[in-house]
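Novice: Here you go, one structure.
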Amino acid sequence: MADLKVNVYVWGDLSPEERRRLLSRSEEDIARLEEVVRPVVEAVRTEGDAALIRFTKEFDGVVLSPERLRVSEEEFEAAEAALPEEIRESLDYVIENVERFHRTQVPEPSPMREVRPGVMAGERATPVPSCGLYVPRGRGSFPSMVYMLAVPAHLAGVPRVVMTTPPEKDGSVNPACLYAARRCGVHEVYRVGGAQAVAALAHGTESIAPVAMITGPGSAYVAAAKRLVAHLVYTGLPAGPSESVILADESADPWKVAIDLLVEAEHGADSAALLVTPSRELAGRVEAHLLSCIPRLPSPRREFVQAVFAGYGGIILVDSLEEGVEVVNEWAPEHLQVRTHDPFATLKRISYAGEVLLGEHAPFSLANYAAGPNAVLPTGGKAKVFSPVSVRDFLRFSSVIHVTEEGLAELGPHVARLAEYEGFPAHAAAITYRATPGSYSPRG
């Protein structure tokens with residue numbers, strides 16, 4: 001592999017444009033793909049099932065009929081029977097971990113609080129009416145994504161949970177994904193993926209009723225399609241191509257750092273994986289380990305990783321750990337691993353990351369599958385404003401207000417005064433009429 005390389009950057013030597021490119025990673029690719037997927041989204045909107053069937057044949061090589069879009073009850077039964085017992089046991093184990101963590105996010109009934117005498121206010125949580133969970137398959141099967149999405153939706157009490165996922169080459173759906181879907185309370189599963197699945201969930205077809213929100217990671221095409229339908233449905237956090245950063249000092253084990261960098265990089269060529277370090281020695285040893293490891297990976301993971309470290313991945317050398325923290329906060333990665341002398345002290349300076357793993361015993365893969373917190377995280381720098389998927393994503397909160405006559409007397413004069421000041425006479429009259437019935441006489 002003569003063309004194998006690992007990008008190495010010196011942060012202080014990078015131009016503003018070079019820094020911008022590193023910070024933008026695959027977001028620019030997603031923006032360019034919007035026009036590519038627009039015809040797919042429009043075709044599904046206008047043609048419904050016929051477009052889904054056509055695109056599934058074109059993109060996945062699978063011939064379907066409208067009757068086969070939805071996974072049948074018999075297929076769920078067959079999938080569970082076919083799944084090895086040890087895989088079922090592991091799925092049950094990790095699903096329980098995810099349920100334990102997410103159960104703490106279910107809100108208690110919010111009590112009414114007395115804001116002023118006679119003025120009671122609170123919040124009421126209700127689940128969204130329906131949600132679509134997108135589970136990718138193109139680079140592998142992901143039952144882990146099923147339970148990461150379905151567990152919080154189920155705990156939130158969403159009455160209709162729909163899952164879409166691309167079919168296998170024989171038209172089936174991965175049995176572990178079906179087992180996890182049933183185990184976690186998914187109501188409907190459809191064997192359709194890509195931009196066309198996003199369009200179907202947003203617009204609806206003859207077979208798939210539209211949903212109120214769509215969430216779940218996917219390729220750049222899926223991310224682009226979600227942008228195009230965001231005016232119709234809530235598309236949740238931006239979960240595009242995978243990305244990871246390891247912030248490390250000289251105390252880190254270079255071999256473990258190299259192995260951990262491969263974790264998110266093997267998701268696909270559009271992923272990003274970076275080591276940020278002030279240690280030249282660590283950087284050099286990690287680079288050597290990567291160059292040794294990459295050729296030994298099986299295809300297509302080898303090609304994915306090779307593309308990542310020659311593209312959006314690599315090593316960033318900084319002058320100090322403080323500068324490394326600044327780079328991480330600016331990058332706002334999906335996955336962050338902190339491998340420093342005192343990771344808890346370093347954590348206090350980290351402001352933006354989808355998840356933070358501390359120390360050498362917490363590889364990304366542990367969090368991806370079994371630690372409990374959600375592994376569906378904001379990408380593309382959106383960790384500055386978005387949080388991981390949680391029960392809260394599937395809930396909406398209504399403010400609830402009750403005012404007594406005493407409370408009206410308390411608030412009324414202030415409200416009437418401010419309403420008149422802002423030029424809203426009817427607002428003021430709604431107060432003054434209650435204080436003095438028959439007094440409604442808004443000034444023109």
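The values are calculated or read from the model by the stated rules, or taken from the named source; none is laboratory data. What you see is a predicted model; the values in this text were computed from it and never measured. Virtual Cβ from ideal backbone geometry, glycine too; neighbours counted across all protein chains shown. Heads up: the accessible areas ignore ligands, DNA and RNA and are worked out on the full protein's heavy atoms, side chains in. Shrake-Rupley method; radii C 1.70, N 1.55, O 1.52, S 1.80 Å.
Novice: Using log10 I(q)/I(0) by the Debye sum over Cα atoms at q = 0.07 Å⁻¹ as the read-out, say which of [x] -0.44; [y] -0.65; [z] -0.37 was calculated from these coordinates.
Specialist: [x]
Novice: First select every other residue whose beta carbon is under 12 angstrom from the beta carbon of LEU262; then total the charges, Lys and Arg +1, Asp and Glu -1.
Specialist: Result for the local shell: +1.
Novice: To the nearest 0.05, what FRET efficiency results for LEU366 and SER110 with a Förster distance of 41 Å applied to their C-beta separation?
Specialist: Calculated value: 0.75.
Novice: May I pose another question? Using the crude model of +1 on Lys and Arg Cβ and -1 on Asp and Glu Cβ, and no other charge, please compute the dipole size for the range 64-130 relative to its Cα centre, in debye to 20.
Specialist: So the dipole magnitude of the range 64-130 works out to roughly 800 debye.
Novice: Can I ask one more? Quick one: which of 105-117, 254-266 comes out on top by average Cβ neighbours within 10 Å, and what's the full order, highest first?
Specialist: Averaged packing, sorted descending, gives the order 254-266, 105-117.
Novice: Set the Förster distance to 25 Å, then compute FRET efficiency between GLU99 and TYR234 from the Cβ-Cβ distance, nearest 0.05.
Specialist: That gives a FRET efficiency of 0.55.
Novice: Between ARG434 and GLU77, what FRET efficiency comes out of the Förster formula 1/(1 + (r/R0)^6) with R0 = 56 Å and r the beta carbon distance, rounded to 0.05?
Specialist: So the FRET efficiency works out to roughly 0.35.
Novice: Which one, ILE316, ILE431, ILE214, has the greatest fluctuation when you compute a Gaussian network model over the chain with C-alpha springs under 10 angstrom?
Specialist: Result: ILE431 has the largest fluctuation of those listed.
Novice: Using modelled amide H (1.01 Å from N, peptide plane; none on Pro or chain starts), what sits under 5 Å from the amide H of ILE214, excluding residues fewer than 5 places away?
Specialist: Placed amide hydrogens put GLY132, TYR234, THR235, GLY236 under 5 Å from ILE214.
Novice: Take each of the peptides 177-186, 239-248, average the number of other beta-carbon atoms within 10 Å over its residues, and list them starting from the highest.
Specialist: Values: 177-186: 23.3, 239-248: 28.2.
Answer by packing, highest mean first, reads 239-248, 177-186.
Novice: Also, quick follow-up: I'd like the accessible area for PHE142, computed on protein heavy atoms only with a 1.4 Å probe and all protein chains in place. Round to 10 Å², please.
Specialist: 40
Novice: If we sort 360-370, 226-236 on the protection proxy, mean other Cβ atoms within 10 Å, highest first, what's the order?
Specialist: 226-236, 360-370
Novice: To continue, here is another question. Just check the range 167-248 against the gyration tensor rule for me: Cα atoms, a ≥ b ≥ c as the square roots of the eigenvalues, rounded for a/c under 1.5, and otherwise prolate or oblate depending on whether a/b exceeds b/c.
Specialist: Oblate shape, in that a/c is at least 1.5 and b/c is the bigger or equal ratio.
Novice: What's the extension gain from ASP3 to GLU422 if we count 0.36 nm per residue and subtract their Cα-Cα distance? Intermediate results must be reported in sequence, preceding the final value.
Specialist: Numbers: separation 419, 0.36 × 419 = 150.84 nm, distance 6.79 nm.
Result for the pair: 144.1 nm of gain on full extension.
Novice: Distances longer than 18 Å among the Cα atoms of the range 217-311: what percent of all pairs is that?
Specialist: Roughly 51 percent, rounded to a whole number.
Novice: In addition: How much length, in nm to one decimal, is gained on full extension between ARG396 and SER351, taken as 0.36 nm per residue of separation minus their Cα-Cα distance?
Specialist: Going from the current span to full extension adds 13.6 nm.
Novice: Here's something else I'd like to know. Multiply the residue gap between ARG124 and GLU35 by 0.36 nm, knock off their C-alpha separation, and tell me the result in nm, one decimal place.
Specialist: Computed gain between ARG124 and GLU35 is 28.0 nm.
Novice: Ok, one more. Could you work out which residue, out of GLU17, GLU355, GLU99, moves most in a Gaussian network model of the chain, that is, has the largest mean-square fluctuation with Cα springs under 10 Å?
Specialist: Of GLU17, GLU355, GLU99, the most mobile in the Gaussian network model is GLU17.
Novice: Still on this model: Tell me the net charge near VAL94. Cut-off is 12 Å between Cβ atoms, VAL94 excluded, with +1 for each Lys or Arg and -1 for each Asp or Glu.
Specialist: Counting the neighbours of VAL94, the net charge comes to -1.
Novice: Please label the shape of the range 143-203 as rounded, prolate or oblate, based on the square roots a ≥ b ≥ c of the eigenvalues of the alpha-carbon gyration tensor (a/c under 1.5 means rounded; beyond that, a/b larger than b/c means prolate, else oblate).
Specialist: The shape class here is oblate.
Novice: Which of rounded, prolate, oblate describes the range 45-128, given a ≥ b ≥ c as roots of the alpha-carbon gyration tensor eigenvalues and a/c under 1.5 marking rounded, otherwise prolate only if a/b is larger than b/c?
Specialist: Details: a/c = 4.25, a/b = 1.69, b/c = 2.51.
The shape class here is oblate.
Novice: Non-local amide H neighbours of LEU395 (under 5 Å, H modeled in plane, Pro and chain starts lacking H): which ones?
Specialist: Residues meeting the criterion, in which the H sits 1.01 Å from N, are VAL128.
Novice: So how do THR436, THR404 rank on accessible area, 1.4 Å probe, biggest first, that is with the largest at the start?
Specialist: Sorted by accessible area, descending: THR436, THR404.
Novice: Taking a spot 7 Å from the Cα of ASP253 along the direction of its beta carbon, which residues of the range 335-366 have an amide N less than 11 Å from it?
Specialist: Zone members listed by number: 360-363.
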